[in-house]
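Bear in mind these aren't lab numbers, they're just calculated from the coordinates by the rules spelled out. None of the values given here were measured: they were computed from a predicted structure. Glycine gets a Cβ as well: all are built from the backbone with ideal geometry, and neighbour counts include every protein chain shown.
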Amino acid sequence: MADTTGRQASVKAGGGGFQGTDLALIAVFAALVAVLSVIPPLFVVAAVPFALQMVAVMLAPLVLGAVRGGSALALYLVVGLLGLPVFAGQSSGPGVLLGATGGFLIGYVVAALVAGALATAVLRRRPRRPVLAVQLYAVALIDLVVVYTVGIVGMMVNASLSFPAAVAANGLFMIGDLVKALLAVAIAVAVLTAFPRLMPAARERR
């Protein structure tokens, strides 16, 4: 799918205002989230798997902004709800949303909209690379806060957990995600430096 990005750059997408490049990027990032959701974790620490799904979840809005990043996560969600086994553990279907971790899937989309808007605002200020990295890491942390807020509410509703119990169940995952945020930011800075016109706000630099 990545090879189609350049060829479709000037093709207007009907009805939604997206260009062909936008649609290709949305599809690529949705596929990236899907792939990293189903591949085995790199390793396990204290019974907590270190998987790379959250890297892609945070990377999409950092690189694509709110609309395209949110669309990529929404596409991933819709594809899984329609039956393709792209959720964690190769699960799928509407029933996943009613599970203990179903709220996190919704949180991915909400967080992408918030973090994408903030990332665009950061790029409009045209910070130098070290400052950009720090500011995007702050955005990634906000992304995590939104994901975990929606996810924990989902656990309280679907699994009948108290707030302290839901937070405690996610404690070790939160620590791992702080590390993954560093990786997502490093990739985002590298991508935006190599392709400065990729994100809408970055185009203003030229």
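The overall shape of region 49-206, judged from the alpha-carbon gyration tensor, is prolate: a/c is not under 1.5, and a/b is greater than b/c. Between Leu178 and Val157, the FRET efficiency from the beta-carbon distance, with R0 = 35 Å, is close to 0.85. The simple Förster model, with R0 at 25 Å and r as the Cβ-Cβ distance, assigns Leu42 and Gln19 a FRET efficiency of 0.10.
Between Ala121 and Ala138, residue separation times 0.36 nm minus the direct Cα-Cα distance comes to 4.9 nm.
Among rounded, prolate and oblate, which fits region 55-117 when a ≥ b ≥ c are the square roots of the eigenvalues of its C-alpha gyration tensor, a/c under 1.5 means rounded, and a/b larger than b/c means prolate?
Numbers: a/c = 2.30, a/b = 1.94, b/c = 1.19.
The shape class here is prolate.
Remark: the Arg128-Val35 segment gains 30.2 nm on full extension, using 0.36 nm per residue and subtracting the alpha carbon distance.
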